Protein chains: 2
Amino acid sequence: MARQSIKVGILGVGVVGGGTYQILAQNTDQVQRLAGVDIEVVALCDIAWDRPRDFAVPEHLKTTDAGAVINGPDTDIIVETIGGTGVARDYVMAAIAAGKSVVTSNKELMAKHGEEILTAAAQQGVDVQFEGSVGGVIPIIRSLKESLAAGRLDEVVGIVNGTTNYILTRMSQEGKEFAEVLAEAQQRGYAEADPTDDIEGIDSANKLAILSAIAFGARVPVAQIYREGISAVSPADLEYARRMDYVIKLLAIGKRDGEQIELRVHPALLSADHPLATVGGVFNAIFVRGPECGEVMLYGRGAGAMPTGTAVAGDVIDCARNIIHGSAGRVPCTCQGQAQVKLMAEVQTRAYLRMRVADRPGVLGTIATVFGEESVSIQSVIQESSQDNIAEIVWIMHKGPEKNLQSALSCIRGLNIVKEICSMIRVVE
Amino acid sequence: MARQSIKVGILGVGVVGGGTYQILAQNTDQVQRLAGVDIEVVALCDIAWDRPRDFAVPEHLKTTDAGAVINGPDTDIIVETIGGTGVARDYVMAAIAAGKSVVTSNKELMAKHGEEILTAAAQQGVDVQFEGSVGGVIPIIRSLKESLAAGRLDEVVGIVNGTTNYILTRMSQEGKEFAEVLAEAQQRGYAEADPTDDIEGIDSANKLAILSAIAFGARVPVAQIYREGISAVSPADLEYARRMDYVIKLLAIGKRDGEQIELRVHPALLSADHPLATVGGVFNAIFVRGPECGEVMLYGRGAGAMPTGTAVAGDVIDCARNIIHGSAGRVPCTCQGQAQVKLMAEVQTRAYLRMRVADRPGVLGTIATVFGEESVSIQSVIQESSQDNIAEIVWIMHKGPEKNLQSALSCIRGLNIVKEICSMIRVVE
């Protein structure tokens, strides 16, 4: 079918939707050259047009009528950049039902309703693309679904939340407390007024659900992902880590383990020479490993109008190519497999532990004996005296079942010589 | 068109061709699931079947008759993993003429004959894919042509040759001379018996030609790429660099500069906190920058049977998807633009210089005066006394036109107080 142009409606003209619009509107010649057809944004739909924006929105594109954009004859591709799982889900399903291709940057939507959405897309023979949903500009979705598709993937580990990476990077560089850096990040716009989704690892877990579904070919409910946030990480932990040649990062970890998969989001000590260790500030990166591909890492800005807008606009070009070639749906959902998530208690972990104990003879031995009784093997210990007859002990354990560690900790917490278990952070190879 | 299977013939069953075959033959279920159709390797063509291989080749697949593989009715996709521009070019052109889609990992072929090949492919409506030609497994070609396609790219900088990166990494870690590490690399199979293509930057220049054509949308003859190899880099330079928080890497650099583009391959001092600085050993990485995408880096193994085979097999899956959807040629050549390559003399560079001079009063001033007369501005100087009345001076210059630096060096080389200009390595921001 020879088309004059491909017409795009954008639902949700906030940061990402606005960036997508600006890129498509400013780079029309380049986009035309690459897509092989003109791509025209014909509608911008939002409910808050009184909100200030740092770019000009042509009056004739503004609308508040999402239904007209979705169902009208004028649009070929619907971009959903609203976020959340409320109207965003309704609109995406309606667009698919109307035979439109969909591009979304909505990680929560794809993590929680990906199956429903991709099944509907396959039935309608339309594309649903979501490169912008994980890692912003980082081309990880297309790389996993296409470039690396022929080999097996055994591991996908990501720094996929810029807010927490920014906070940990600044805490590490400046020795400041979590709460202080969070407040500064909120002032600078790097953290939301309600930062729960970011700092508790909820955002990272949504992204891990998407990554692991593609990497391992099996969809898993987000609720089955083990999750810990970064609010308990202290400058003391960052400093101990640095002295032992580690960094601390909030990692989203997916690993094959026989027929099961491990899925977890938590702060982790990562060796300073790991490719992810130097990913600082608001940057994101995703590291994958497999027997054929070896180690691959993709790095870039995980958020922001232009970076994420680039990913969304790249998907729009891909959808447009498929429309003009009649090949919509050529890269369908590939995660029809089944996988059982390994219980966290069964996962093999290594722990970094920091505790405050009574500074007197026999204490170290008593605690070490408890670890031994619970089959938790000690790799190294640092004990430093602090004030008021309290000593600080930092332990690094050998790898073992998480449940052994947890029972050891619950015994140790009950010892009267132990004042506080300050930190337990897992060490990742 | 409903097809039973897509049939693949592989021409050249060496390292990459062999890896591609093994991946496609071992992962048939996964490949079928992702491609939406069975993909079957039906012919392996090579002229040296007596050569030992570390995998089993089924007798019924072996052939020496490339023409029959290319023109026979049994193949849909031809994989060219022969290398070079001799028969590889003839075979690729013949396959296109026969209406077959082509996948190649041949950087020299695509760098030198890409235009002829991609023009013929467009006329025939077939795919020519070449993800494996740059950076091995690194999904850079698809990312540039698709994921990052909507924004402008201003810079592409790569470590795209594993042999030289391995040599520089080991020289830096062990303080050994170039020749010694090269000999060891040859023994271990990390460098060819004739290492010229790698160590002189010829291989990197071919890859840069491909990257810059896609990133800047304009094809440039490889011969116009300025090129220096790594054989003159010494352990002393690596040590000075380290002390100043730099590393030395062989970089392939492409940059937009107004209407012109800069293209150069040379060793460079790179700040230790640049994302490319930690890319060690045989790993490759490509860093791109643009006003919309920001900084993006992709990292992985740049060579080897399985990594590069993964990239080639990924392209085979992509071609297969296009064949079953009737969309071959959906991502055509996108570098029809024109670009003028900036003369190296006009490029703005910064130099690191190491020289041995007479150790007596006035010498530093005399040399500094020459720099001043040629408008080369000094950023920092380290002078260390060595033996026999000879001092070693290390200079870092401010940025300026390369031609000024070259005329200053030619004057300085003529001064009788200057015993030797040991090194001139450019510093990259």
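Here are the numbers for the structure shown:
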{"read-out": "Charge sum, other residues only, whose C-beta stays under 12 Å from A:Phe130's C-beta, Lys/Arg counted +1 and Asp/Glu -1", "value": "-2"}
{"read-out": "For the stretch B:202-208, 3J(HN,Hα) per residue [Karplus equation, 6.51 cos²θ - 1.76 cosθ + 1.60, θ = phi - 60°, Hz, x = Gly/Pro]", "value": "5, 4, 4, 5, 4, 5, 5"}
{"read-out": "At 7 Å out from Cα toward Cβ: A:Cys422 inter-copy label distances (nm, ascending)", "value": "4.7"}
{"read-out": "Peptide-level mean, for A:286-296, of C-beta atoms on other protein chains within 10 Å", "value": "6"}
{"read-out": "Cα long-axis angle, helix A:402-413 against chain A (0 to 90 degrees, to the nearest 10)", "value": "50"}
{"read-out": "Net length gained if the chain between A:Ala122 and A:Glu59 were fully extended (0.36 nm per residue, minus Cα distance)", "value": "19.1 nm"}
{"read-out": "Of A:Ile138, A:Ile367, A:Ile96, the one that fluctuates the most in a GNM where chain A has Cα springs shorter than 10 Å", "value": "A:Ile367"}
{"read-out": "Rounded to 10°, Cα long-axis angle of helix B:87-97 versus longest principal axis of chain B", "value": "50"}
{"read-out": "Point-to-point label distance, B:Ala345-B:Gln260, nm (Cα→Cβ direction, 7 Å offset)", "value": "1.1"}
{"read-out": "Closest approach to the B/A rotation axis among chain B Cβ atoms, residue and whole-Å value", "value": "B:Ser327, 2"}
{"read-out": "Cross-link table A:Lys249/A:Lys403; A:Lys255/A:Lys342; A:Lys342/A:Lys399; A:Lys249/A:Lys342, entries beyond 19 Å C-alpha to C-alpha", "value": "A:Lys249/A:Lys403; A:Lys249/A:Lys342"}
{"read-out": "Loop-resident sites, the stretch A:210-261, for GluC sites (Glu not before Pro), counting at most 16 other Cβ within 10 Å (DSSP)", "value": "A:Glu259"}
{"read-out": "Heavy-atom accessible surface of the stretch A:51-92: percent carbon and sulfur, 1.4 Å", "value": "50"}
{"read-out": "Fluctuation leader among B:Leu144, B:Leu415, B:Leu269 - chain B, Gaussian network, Cα springs under 10 angstrom", "value": "B:Leu415"}
{"read-out": "Position A:Glu239, label points 7 Å along Cα→Cβ, spacing to each other copy in nm (shortest first, one decimal)", "value": "3.5"}
{"read-out": "Pseudo-label separations to other copies for B:Asp194 - Cα-to-Cβ vector, 7 Å, nm", "value": "6.9"}
{"read-out": "For the stretch A:76-83, 3J(HN,Hα) per residue [Karplus equation, 6.51 cos²θ - 1.76 cosθ + 1.60, θ = phi - 60°, Hz, x = Gly/Pro]", "value": "9, 10, 10, 9, 9, 10, 8, x"}
{"read-out": "12 Å cut-off, amide nitrogen to a point 7 angstrom out along A:Gln379 Cα→Cβ, residues in the stretch A:413-429", "value": "A:426-429"}
{"read-out": "Expected 222 nm ellipticity per residue - DSSP helices of 4 or more, -39500 (n - 2.57), all of chain B, to 500", "value": "-10500 deg cm²/dmol"}
{"read-out": "Amide H contacts of A:Arg227 (H built 1.01 Å from N, under 5 Å, at least 5 apart or other chain)", "value": "A:Val265"}
{"read-out": "Kirkwood Rh and Cα Rg combined as Rg over Rh, evaluated for chain B", "value": "1.04"}
{"read-out": "Solvent-accessible area per residue for chain B (1.4 angstrom probe, square angstrom)", "value": "38"}
{"read-out": "Between B and A, accessible area buried - total, square angstrom, nearest 100, 1.4 angstrom probe", "value": "4300"}
{"read-out": "Shielding score for A:274-280, defined as the mean number of other chain Cβ atoms within 10 Å", "value": "3"}
{"read-out": "Listing of the stretch B:109-156 residues, each with accessible area lower by at least 10 Å² in the full protein assembly than in the chain alone (probe 1.4 Å)", "value": "B:Val137, B:Pro139, B:Arg142, B:Ser143, B:Lys145, B:Glu146, B:Ser147, B:Leu148, B:Ala149, B:Ala150, B:Gly151, B:Arg152"}
{"read-out": "Fully extended contour minus Cα-Cα distance, from B:Trp49 to B:Gln173, at 0.36 nm per residue", "value": "40.6 nm"}
{"read-out": "Distant-in-sequence amide H partners of B:Ile390 (H built 1.01 Å from N, under 5 Å)", "value": "B:Asp359"}
{"read-out": "Chymotrypsin sites (Phe, Trp or Tyr not before Pro) within the stretch A:29-104: DSSP coil, no more than 16 neighbouring Cβ in 10 Å", "value": "A:Trp49, A:Phe55"}
{"read-out": "The stretch A:346-351 - phi-based ³J(HN,Hα) in whole Hz, Karplus 6.51/-1.76/1.60, Gly and Pro as x", "value": "8, 5, 7, 10, 10, 10"}
{"read-out": "Residues whose placed amide H lies under 5 Å from that of B:Gly125, excluding near-sequence neighbours", "value": "none"}
{"read-out": "Kirkwood Rh and Cα Rg combined as Rg over Rh, evaluated for the protein assembly as shown", "value": "0.99"}
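The values are calculated or read from the model by the stated rules, or taken from the named source; none is laboratory data. The model shown is predicted, which means the values in this text are computed figures rather than measured ones. Quick reminder, even Gly has a Cβ in these numbers, built from the backbone with ideal geometry, and neighbours come from all protein chains shown. Heads up: the accessible areas ignore ligands, DNA and RNA and are worked out on the full protein's heavy atoms, side chains in. Shrake-Rupley method; radii C 1.70, N 1.55, O 1.52, S 1.80 Å.
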